[in-house]
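Here is the structure we will look at.
The values are calculated or read from the model by the stated rules, or taken from the named source; none is laboratory data. Just so it is clear, the model here is predicted, and its values are computed rather than measured. FYI the Cβ positions are ideal-geometry reconstructions off the backbone, even for glycines, and counts take in every protein chain you see.
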There are 2 protein chains.
Amino acid sequence: MAETAVAERLNGALNRILAGDCIEVMRRLPDASVDLVFADPPYNLQLKGELHRPDNSRVNGVEEGWDRFSSFGDYDRFTREWLREAQRVLKPHGAIWVIGSYHNIFRLGAELQNQGFWILNDVVWRKSNPMPNFRGKRLTNAHETLIWASKAEASKYTFNYDALKALNEGVQMRSDWVLPICTGHERLKGEDGAKAHPTQKPESLLHRIILATTNPGDVVLDPFFGTGTTGAVAKRLGRDFIGIEREDSYRKAAEARIAQIRRLDSVALETTSSKKAEPRVAFGVLVERGMLRPGEELWSLGGRHKAKVRADGTLVGQDVKGSIHQVGAHLEGAPSCNGWTYWHFRRDGGYVPIDVLRQQVRAEMAQHH
Amino acid sequence: MAETAVAERLNGALNRILAGDCIEVMRRLPDASVDLVFADPPYNLQLKGELHRPDNSRVNGVEEGWDRFSSFGDYDRFTREWLREAQRVLKPHGAIWVIGSYHNIFRLGAELQNQGFWILNDVVWRKSNPMPNFRGKRLTNAHETLIWASKAEASKYTFNYDALKALNEGVQMRSDWVLPICTGHERLKGEDGAKAHPTQKPESLLHRIILATTNPGDVVLDPFFGTGTTGAVAKRLGRDFIGIEREDSYRKAAEARIAQIRRLDSVALETTSSKKAEPRVAFGVLVERGMLRPGEELWSLGGRHKAKVRADGTLVGQDVKGSIHQVGAHLEGAPSCNGWTYWHFRRDGGYVPIDVLRQQVRAEMAQHH
DNA sequence: CGGCTCATTGAATCAAATG
DNA sequence: ACATTTGATTCAATGAGCC
């Protein structure tokens, strides 16, 4: 059957590094099959001569052939083609991350928008230890830019809000991330001691991206796999990956690297991923259980509005009947209202939010499991 | 003579706010006549409905007609036209700054490159107090992006490296700037108390830009003048400005605002623009003068970290040697550290910041002038 | 349906100190 | 005792827009 063939085509690629040009290799992947694309394409650095430090030592920059394009138009064509394939292989609710510097990120972002991707955030990776500007002719180039976009405007993309909030000491994560560049033991070296890849990204960066925008078991495609940071982090976090890389030496280094990675056990994965949504409790359950009596009055904070509880778990207030949310919204003239925090019952002269009753129910439910 | 006519056309516009559409007005300005363009064009926010805070209050966002475009193509055409005029009126060694968010900055940057501007840096304005993400559906959009580009690749652009280094506590200025958004008394209000402009930029941002990339007497053109932050800062810093603004209410607010600004006197200008501003005091001077002894210990506040003073004005701490700033940053695992405020010496059982010693040296230096 | 917000400013309120 | 000032604390508002 066709479906089986498609599944096999995908499964054959899972957790492997496919050799070849990323556009050609992506063409062989089935439609709507991956959850996330992470792409670190060539930056089109347009370097002129060599750069030396003030002590005259030579800066070992990006000089590889894969970063040479003849013009902006040439780079745009390349971008357009690989983005088109990336969009095709994404599931309807999938998303993409791209990273770049001022040399290429504007072209990349514009092309994403042109192809119908819907930008969700641009994120600044603020390097805690950037290379200084030796010549004193510009500002220290201390950041790179990432763009996070869903496949389309209507996509219900994945965002593990609570996991990121936890990562950020309890306040919501911002669009600027301070992370060190990849150095030390994490930086892959060749047998000659030289760095294996000129632009290896830190695992901390991929950790945050994969944690934020995928779930365990999701498939992450990296069409510019390099030495495999995406694969290493995906494997550790219990995600599947598909890598595409043209250069033999990078593939080899990546394979050795990823083979040594161990998947975190499910407990560790659970704690790093978002807190499970708490079980839904219908307001009517509070009435069924006798925690609130039919006919009892609920109050908005301060007692400005009131409504009466009915046996079926709806409320009736001034000129309005409906759910706790609907009645609250109507009385406030608001577009919406969280009835759980809006409505209060009276105890000992004070107002207690009905949400505490829901907490009790949830606690009891947890006991029985 | 033709030259005189051109000079008159320019002089007639200096330190004035020209009314009208920026493209049409720029067409009347002579070629190669301004040193810097600062442009804060509409962001093309593509807003859908209203946004409410969790407490149901409504966010008063950008609803003005000037931010509405029918498509990306429409926005691109607009961008192309005003950028073309901006480039024409720039002197050969002139430069441009543009600011935007992820909604428009990629299109803006790509068009800059297409027209032959040469990008020097992209700069991230990290907002210290951004609006949070109320829905918990994305990252807090906590930054905006600026692009600094010269008129052409060959332009010998202005960059006051030392002034920016001085502004940044003696280490070279990075491409990420932390500045608060424009609030409080600085935010212009109408007679009804409502904000006069929905997107007024902070003066601190323009101060840094104008200080960094112009010299006193230079001409700064702002084609989207709004309520005149560019003009206010330019005037204060002894630069000339040309503003262009379509909306009467913004022009009026800007004129009243700028009329109240006083140009800094030449001494203050000198101090803001040169590294001699606050006379730089090397830490080693404190050792030379016997205010601190080699071998003496310095402490972080609370005494969590310590380091030893060496005779050459460097510190040595746990596994690290270097300047007071470097050692502090290393021990804190921070990207940077102001050693003057970080390090303390012990006196009478308390911690005294070494900055007080620097103040003493500066006071003594002032005596001799 | 119902879950979801951070840093800052400035006003309002109240307590303590002063004249 | 009463009016005034100062300081501490709390409360309310809001900023280039997001299911």
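Some points to look at:
- For the range B:131-158, the candidate set comprises residues that are in a strand (DSSP E or B) and within 12 Å of DNA strand D (Cβ to nearest atom); within that set, the residue that is farthest from B:Ser57 (Cα to Cα) is B:Leu146.
- Verdict on B:Arg251 being touching a strand residue (DSSP E or B) at 6+ places or on another chain (Cβ under 9 Å) and either at pLDDT below 95 or within 16 Å of DNA strand C (Cβ to nearest atom) (or both): no
- Within the range B:98-132, the set of residues being surrounded by 19 or more Cβ atoms within 10 Å (Cβ to Cβ) and within 16 Å of DNA strand C (Cβ to nearest atom) comprises B:Trp125, B:Arg126, B:Lys127.
- Among all residues of the range A:103-112, there is at least one that is under 22 Å from B:Glu144 (Cβ atoms) and without any contact (Cβ under 8 Å) to a residue 12 or more places away in the chain.
- The range B:104-128, residues that are more than 7 Å from chain A (Cβ to nearest Cβ) and not in a helix (DSSP H, G or I): B:Asn104, B:Gln115, B:Gly116, B:Phe117, B:Trp118, B:Trp125, B:Lys127, B:Ser128
- When B:Pro202 is tested against the conditions (1) within 15 Å of DNA strand D (Cβ to nearest atom); (2) crowded, with 20+ Cβ neighbours inside 10 Å, the lone failure is (2).
- The set of residues from the range B:159-186 being within 16 Å of DNA strand D (Cβ to nearest atom) and within 14 Å of chain A (Cβ to nearest Cβ) comprises B:Trp177, B:Val178, B:Leu179, B:Ile181.
- Residue within the range A:225-248 that is loosely packed, with under 14 Cβ neighbours inside 10 Å, modelled with pLDDT of 95 or more and either out of contact with any Leu (no Cβ under 7 Å at 6 or more places or on another chain) or in a helix (DSSP H, G or I) (or both) present: yes
- Sole exception among (1) surrounded by 16 or more Cβ atoms within 10 Å (Cβ to Cβ); (2) more than 14 Å from chain A (Cβ to nearest Cβ); (3) touching a strand residue (DSSP E or B) at 6+ places or on another chain (Cβ under 8 Å) for B:Lys189, by number: (1)
- Of all residues in the range B:216-245, those that are in contact with a Gly (Cβ under 6 Å, 6 or more places away or on another chain) and among the charged types (D, E, K, R) total 1.
- Conditions (1) within 16 Å of DNA strand C (Cβ to nearest atom); (2) in contact (Cβ under 8 Å) with a residue 24 or more places away in the chain; (3) in contact with a strand residue (DSSP E or B) (Cβ under 8 Å, 6 or more places away or on another chain); (4) facing another protein chain (nearest Cβ under 10 Å); number of the one not met by B:Pro54: (3)
- Residue in the range B:72-83 that is within 16 Å of DNA strand D (Cβ to nearest atom), of a type in the set (A, V, I, L, M) and over 26 Å from the mean Cα position of the chain (by Cα) present: no
- Filtered residue count, the range A:129-144, keeping only those that are facing chain B (nearest Cβ under 7 Å) and in contact with a Phe, Trp or Tyr (Cβ under 9 Å, 6 or more places away or on another chain): 7
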